[in-house]
Structure formats: C-alpha cells, structure tokens
Amino acid sequence: MKALVVGAGIAGLVTARQLGLAGWDVVVLERSEGPRTAGYMMDFFGPGVGASERIGLYPRLAAVSYRVDAAEYVDTNGRVTSRIDYERFVRAAGGKALSLMRPDLERAALEALDDVPAGRVKVRYGSRLNRFWADEDGVGVDGEDSAAPSRTADVLVGADGIHSEVRAQLFGPEQTWLRPLGMRAAAFLVEAPDLQAHVRNRFMLTDSIDRMAGLYGLRTGEVAAMLVYRDAGTLSGEERGGTQNRLRQQFTGLGTAVDRLLALCPEDPYDDVVAQVVMPTWHRSRVVLVGDACGAVSLLAGQGGSLAVAGGALLGDILGPVSSPQGIDDALAEFDRRWRPTVERAQASGRRAAASFLPANRWQRLRRRWIIRASGLPGIDRIVARQIVNRLAR
Ligand SMILES: Cc1cc2nc3c(=O)[nH]c(=O)nc-3n(C[C@H](O)[C@H](O)[C@H](O)COP(=O)(O)OP(=O)(O)OC[C@H]3O[C@@H](n4cnc5c(N)ncnc54)[C@H](O)[C@@H]3O)c2cc1C
C-alpha cells in the first residue's frame, strides 16, 4: 500500500512513521527546503504524552526538552507581579509535561523515522506542489515542475497545517473552516546572551493589557519570543503594515527586556492569526486530514503539538493494517470517529481560554494576579493551571 503525506510537520512525520512500520511505502512531500528551524517554546502534555510513550518517541522528546522553573508575570519595571511554579502546572496537567522547542519536537519525529526499515518512508523537502486530486482510481499530487513530479498512491494524507492547501482544494475554501479567535501571534528567535541570562529557565510574561510578550532563554544563548496581541482581523495585510513595524508599535513600552527584544526582531518573523479549524468530516474518498489541517486547537489550548503526535499515531495505527484499497474508507471513518471527541474537547478549552488569555482592562489583570497569588493556597492547583496558564487540565 502506498501513501502520500503532504507536510513534514509533527503530524505528517508521525503518521508516516507508523504507516512505514506497518509496511506501507510512504512519500512525505514538504515544501520547505529542509527541517524548519523557526519556532517557539511549547508545552507538551495531554494525549501526546501517552501516544509518544506508546510509539517510543517520548525518550527522544525528554532528551531535548527544557527545564522550566516558573512562569513569571512582570510589570514594565521588570518586577514580578505574580508567579506560578511550573511543578504545580505539571501536576495539574496530569503529572507529565515537557517544555519543547517546536523545531526540536519536529526533528525528534524526523529522527524517529530511523526506526522504519530503510527506503519505506522517503521525505522530499523542497516539494512545490500544484494540485491534489482524488478519484475512484486513487489519489495523487501534481508538482509545479519536474523537480516535484506527479505522484499517485492509495491514500493522500493532508498534514499541511492550519492553512492546508490539501483541505482548500479537496474539502473547500479556508474561510469555511477557519474560526479566528480575535488575536494574532508572532514568534521568533533572537541571539542575545544578555537577555538569555536574564530570562533563563522561566517563562517571562508581560503583565500587560490586550497583548502579552513571552520570553524564554534557550541553551543556545538565544531567546525564544512569542508575542500575542488582539486583532479583530478586519485590516488587510497592507493596512497592517510590515510585521516588524507592527510588533514594535504594539509592544514597545512593556519594559527594557521587551524593548531589547523588539530591537532585534527580524524583519519578517512568523506572525499569524490565532484560530481553530472546525470541520464536520476529516476524510473523503481516500483523502484524510490530520493535525492542524483538520482540527487546529490554537495556542490557547496549548495542545496542538501534542494532538499532532497523538492524532498522527492513531491515524497510522488504524490505517496501517489495511491491506487493500477497499478497506481504506472504513479505516478513515474510524479515525474520524475515535479522534474527534479529543480534538473537540481541546478546542472547547481553547475557546474558553480565549476569553481570558489577554486581560482587556486593569480589573481583569488584577483578577489574574489575584488568582495566581491565591494559588499558593493548597488545593487550587487545577484552577490555577486552567485560568492562568490557560491550558487544559485533566
Ligand atoms: C505561537 C504558537 C505557540 C504554540 N504553543 C503550543 C504549545 O505550547 N503546545 C502545543 O502543543 N502546541 C502549541 N502550538 C501549536 C502547534 O505548534 C501546532 O498545533 C502543531 O505544530 C501542528 O502540527 P502539524 O504537523 O499539524 O502542522 P505544522 O506544524 O503546521 O506542519 C505543517 C507542515 O506542512 C508544510 N506544508 C504546508 N503547506 C504545504 C504544501 N502546500 N506542500 C507541502 N508542504 C506544506 C509546512 O511547511 C509544515 O512543515 C503553538 C502554535 C503557535 C503558533
């Protein structure tokens, strides 16, 4: 059996590995020229933990994870206004959670392809794809040119992220499925050993209204930044101006650490709408979507990477034993049925978090400080994890 997987992100690589282990021939088509190095610090907890343990990926993830002591909110003078011990968050998240840079998670999933017999899974970086198609004879992709030739297979897996092109061509236009949550998020890395030393081993978060800058110091001497700000989505790209300018306008004045970060901000960093993807079905004919492509939960749920691992593993395990094209439809329907409740639960958590993630006024900010401080009291860890860190506690 043959599969084409579009996208060598977390979901695509994990799906490909599980199919390869089950004996499928898999080609993963990725448009970037190599493993993507840009990224942000992620919490990894929930379904991805159990799934990565089950498929043997967890030790690789633990090996590249970071130690985080605490999340600290700071005012414009750099004074800590509230603090939450990370251990408390880990306990609330079920006892197991890792802090991972997104590229490290992706690279671990790529390296885990070594477990598959040689030649079964091929990853083709720099693939320029033009058209995805599906008919009664099978599925296929057409490349833009001879460097990305046309290919056919038994199954096409769209693992191409929140702005999935497979979804747009075979399920309908993006605006039908994308649910913006009223904010944007930017992320980038800066080389700044002084800043790194300042924020090391903690998430430094600005205690600000309508926007929040988060900084984490990496072992490379770099600082990983994530900037989240309110945006109704009514302005066109042009009206918003260049990303670097926009971020400087939005975030200047939040303190010297953030000002230094902004001075080093690259010209065109990652900056995208914070949104979810909601679809009534994730498969049709022999095409299936996985990861953010079908069920993005948003950074507010703090579980997209975790769900990409768990969803990819489940899809691979359900589809893996299928040995003839006749069994594909049923397997894809089973994947949708079994995986949907988990995704919908995480999406509901993300939507709840959207209401309080960025305080809209001083009163809401004060309330957040109060709840975090109260977290020192025994027994309310779970509330804290849910309300402050805005992650799904189970
Ligand atoms: C700022 C931010 C913070 C986050 N924090 C967390 C967190 O704390 N915890 C957590 O679990 N999750 C977090 N997430 C979410 C998480 O990063 C995503 O949910 C996860 O990366 C989704 O994985 P994926 O494999 O489905 O998609 P992606 O990682 O988007 O991978 C898709 C891949 O497909 C490729 N591709 C796209 N189009 C094409 C095409 N036409 N042809 C070929 N290839 C294509 C892309 O280049 C990419 O490699 C965060 C996200 C953001 C933006």
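The values are calculated or read from the model by the stated rules, or taken from the named source; none is laboratory data. Just so it is clear, the model here is predicted, and its values are computed rather than measured. Here the Cβ positions follow ideal geometry from the backbone for every residue, glycine too, while neighbour counts run over all protein chains shown. Only protein heavy atoms, including side chains, enter the accessible area calculation; ligands, DNA and RNA are left aside. Shrake-Rupley method; radii C 1.70, N 1.55, O 1.52, S 1.80 Å.
Table for the structure above
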item	result
Residue 302 at pLDDT below 95 and either within 21 Å of residue 110 (Cα to Cα) or not aromatic (Phe, Trp, Tyr) (or both)	yes
Filter result for the condition that a residue is in a strand (DSSP E or B) and either in contact (Cβ under 8 Å) with a residue 60 or more places away in the chain or in the same structural domain as residue 75 (by TED's automatic domain parsing) (or both), over 257, 301, 275, 293	275
Near pairs, Cβ below 8 angstrom, 6+ apart or cross-chain, from the range 18-36 (farther than 18 Å from residue 105 by Cα and open to solvent by 20 Å² or more (accessible area, probe 1.4 Å)) to any residue that is in a loop (DSSP other than H, G, I, E, B) and among the β-branched types (Val, Ile, Thr)	21/116
Residue within the range 223-238 that is open to solvent by 10 Å² or more (accessible area, probe 1.4 Å) and at positive phi present	yes
Residue count for the range 166-223, restricted to those that are assigned to a helix (DSSP H, G or I) and under 22 Å from the mean Cα position of the chain (by Cα)	7
Residues of the range 311-325 satisfying the condition of being open to solvent by 10 Å² or more (accessible area, probe 1.4 Å) and of a type in the set (A, V, I, L, M, F, W, C)	314, 318, 322
Residue 50 vs. criteria in a loop (DSSP other than H, G, I, E, B), farther than 19 Å from residue 124 by Cβ and within 16 Å of the ligand (Cβ to nearest atom)	no
One residue from 307, 289 being surrounded by 21 or more Cβ atoms within 10 Å (Cβ to Cβ) and either among the β-branched types (Val, Ile, Thr) or under 27 Å from residue 62 (Cβ atoms) (or both)	307
Tally of residues being open to solvent by 60 Å² or more (accessible area, probe 1.4 Å), of a type outside the set (D, E, K, R) and free of Cβ contacts under 8 Å to residues at least 40 places away in the same chain across the range 83-121	1
Some residue of the range 134-143 being under 28 Å from residue 179 (Cα atoms), open to solvent by 10 Å² or more (accessible area, probe 1.4 Å) and outside any helix (DSSP H, G or I)	yes
Qualifying residues in the range 151-185 (those that are among the hydroxyl-bearing types (Ser, Thr, Tyr) and more than 14 Å from the ligand (Cβ to nearest atom)) - the one least open to solvent (accessible area, probe 1.4 Å)	176
